[in-house]
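The values are calculated or read from the model by the stated rules, or taken from the named source; none is laboratory data. All of these numbers come straight from a predicted model, not from anything done at the bench. Protein only, heavy atoms only, side chains kept; ligands, DNA and RNA dropped before computing areas. Shrake-Rupley method; radii C 1.70, N 1.55, O 1.52, S 1.80 Å.
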Amino acid sequence: MNLSSLPLINKVPDLGLLHHRVPFDTIQKENTVRNDLRGRNVLVTGGTSGIGAAIALAFAKRGANLHIAGRNADAASKILANAKSLCSESWPEYTGQELRFHSFDASLISDNKRYANEMRLLFEEKGGLDFL
(Lines give C-alpha, C1' and ligand atoms only; values in the text may rest on other atoms or scores of the structure.)
Protein backbone atom coordinates (compact mmCIF):
# COMPACT_ATOMS: atom_id res chain seq x y z
CA MET A 1 0.00 0.00 0.00
CA ASN A 2 1.29 3.42 -0.93
CA LEU A 3 0.99 5.74 2.09
CA SER A 4 0.82 8.85 -0.08
CA SER A 5 -2.49 7.57 -1.44
CA LEU A 6 -4.08 7.93 2.01
CA PRO A 7 -6.11 11.15 2.25
CA LEU A 8 -4.62 12.33 5.56
CA ILE A 9 -1.00 11.92 4.49
CA ASN A 10 -1.40 14.42 1.66
CA LYS A 11 -3.05 17.00 3.94
CA VAL A 12 -0.31 17.19 6.56
CA PRO A 13 1.27 20.63 6.16
CA ASP A 14 5.00 21.00 5.65
CA LEU A 15 6.03 23.14 8.61
CA GLY A 16 9.61 23.40 7.47
CA LEU A 17 10.85 22.07 10.80
CA LEU A 18 13.61 20.05 9.20
CA HIS A 19 14.95 23.10 7.39
CA HIS A 20 15.01 25.40 10.40
CA ARG A 21 18.52 25.87 11.74
CA VAL A 22 19.02 26.56 15.45
CA PRO A 23 22.41 27.20 17.08
CA PHE A 24 23.64 24.12 18.97
CA ASP A 25 23.95 25.95 22.32
CA THR A 26 20.27 26.94 22.09
CA ILE A 27 19.28 23.31 21.53
CA GLN A 28 21.35 22.22 24.54
CA LYS A 29 19.78 24.90 26.74
CA GLU A 30 16.23 24.04 25.64
CA ASN A 31 16.82 20.32 26.13
CA THR A 32 18.23 20.90 29.61
CA VAL A 33 15.18 22.91 30.66
CA ARG A 34 12.77 20.43 29.10
CA ASN A 35 14.53 17.44 30.61
CA ASP A 36 14.79 18.83 34.15
CA LEU A 37 12.05 17.15 36.15
CA ARG A 38 13.74 17.38 39.53
CA GLY A 39 11.17 17.66 42.29
CA ARG A 40 8.29 16.53 40.06
CA ASN A 41 6.21 13.52 41.20
CA VAL A 42 5.70 10.64 38.77
CA LEU A 43 3.66 7.47 39.22
CA VAL A 44 4.25 4.62 36.77
CA THR A 45 1.92 1.65 37.03
CA GLY A 46 3.35 -1.58 35.68
CA GLY A 47 6.79 -0.01 36.00
CA THR A 48 8.64 -3.23 36.78
CA SER A 49 8.91 -4.54 33.22
CA GLY A 50 8.49 -3.71 29.54
CA ILE A 51 7.28 -0.30 28.47
CA GLY A 52 6.46 0.69 32.05
CA ALA A 53 10.07 0.08 33.12
CA ALA A 54 11.38 2.08 30.17
CA ILE A 55 9.07 4.97 31.02
CA ALA A 56 10.11 4.83 34.68
CA LEU A 57 13.80 4.96 33.75
CA ALA A 58 13.23 7.85 31.34
CA PHE A 59 11.58 9.90 34.11
CA ALA A 60 14.28 8.92 36.61
CA LYS A 61 17.02 10.06 34.24
CA ARG A 62 15.38 13.48 34.24
CA GLY A 63 15.47 13.63 38.05
CA ALA A 64 11.79 13.05 38.82
CA ASN A 65 10.59 11.58 42.10
CA LEU A 66 9.65 8.12 40.88
CA HIS A 67 6.90 5.93 42.32
CA ILE A 68 6.53 2.53 40.68
CA ALA A 69 3.44 0.41 41.22
CA GLY A 70 3.53 -3.27 40.40
CA ARG A 71 3.54 -6.84 41.63
CA ASN A 72 7.20 -7.82 41.31
CA ALA A 73 9.31 -6.41 44.15
CA ASP A 74 12.52 -8.06 42.89
CA ALA A 75 12.19 -6.49 39.45
CA ALA A 76 11.29 -3.16 41.06
CA SER A 77 14.47 -3.13 43.15
CA LYS A 78 16.54 -3.57 39.96
CA ILE A 79 14.63 -0.81 38.16
CA LEU A 80 15.03 1.54 41.12
CA ALA A 81 18.78 0.82 41.32
CA ASN A 82 19.09 1.63 37.61
CA ALA A 83 16.97 4.74 38.12
CA LYS A 84 19.23 6.00 40.88
CA SER A 85 22.35 5.58 38.75
CA LEU A 86 20.71 7.27 35.74
CA CYS A 87 19.74 10.27 37.83
CA SER A 88 23.24 10.46 39.32
CA GLU A 89 24.76 10.49 35.83
CA SER A 90 22.42 13.24 34.62
CA TRP A 91 22.35 15.38 37.77
CA PRO A 92 25.48 14.56 39.85
CA GLU A 93 24.83 17.38 42.34
CA TYR A 94 21.18 16.42 42.94
CA THR A 95 20.51 14.22 45.97
CA GLY A 96 16.81 14.87 46.56
CA GLN A 97 15.32 12.28 44.22
CA GLU A 98 12.79 9.96 45.83
CA LEU A 99 12.51 6.43 44.42
CA ARG A 100 9.81 4.13 45.79
CA PHE A 101 8.08 0.87 44.95
CA HIS A 102 4.42 0.35 45.84
CA SER A 103 3.24 -3.26 45.83
CA PHE A 104 -0.04 -3.41 43.96
CA ASP A 105 -2.08 -6.17 42.32
CA ALA A 106 -5.04 -4.69 40.43
CA SER A 107 -6.85 -8.05 40.44
CA LEU A 108 -7.30 -7.89 44.24
CA ILE A 109 -10.02 -5.60 45.58
CA SER A 110 -8.23 -5.24 48.91
CA ASP A 111 -5.08 -4.07 47.07
CA ASN A 112 -7.10 -1.52 45.11
CA LYS A 113 -8.54 0.06 48.26
CA ARG A 114 -5.21 0.00 50.11
CA TYR A 115 -3.32 1.38 47.14
CA ALA A 116 -5.83 4.18 46.48
CA ASN A 117 -5.58 5.31 50.10
CA GLU A 118 -1.78 5.03 50.06
CA MET A 119 -1.54 7.16 46.90
CA ARG A 120 -3.96 9.76 48.23
CA LEU A 121 -1.91 10.19 51.40
CA LEU A 122 1.39 10.20 49.51
CA PHE A 123 0.41 12.87 47.03
CA GLU A 124 -1.33 15.03 49.63
CA GLU A 125 1.99 15.01 51.46
CA LYS A 126 4.05 15.64 48.28
CA GLY A 127 1.79 18.33 46.86
CA GLY A 128 0.23 16.36 44.05
CA LEU A 129 1.07 14.18 41.11
CA ASP A 130 2.74 15.73 38.07
CA PHE A 131 2.75 12.71 35.72
CA LEU A 132 0.83 9.44 35.70
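For region 61-117, the solvent-accessible area with a 1.4 angstrom probe is 58 square angstrom per residue. Within the accessible area of region 79-127, the carbon and sulfur atoms contribute 55%, probe 1.4 Å, all protein chains present. The string of couplings for region 105-117 from the Karplus curve (6.51, -1.76, 1.60, θ = phi - 60°) is 10, 4, 7, 9, 4, 4, 5, 4, 5, 4, 5, 4, 5 Hz, one whole number per residue in order, with x for Gly and Pro.
Only lysine pairs 8 or more places apart, or on different chains, with alpha-carbon atoms under 23 angstrom apart are counted in region 34-132, and they number 5. For region 31-77, dividing the convex hull volume of the Cα atoms by the residue count gives 62 Å³ per residue.
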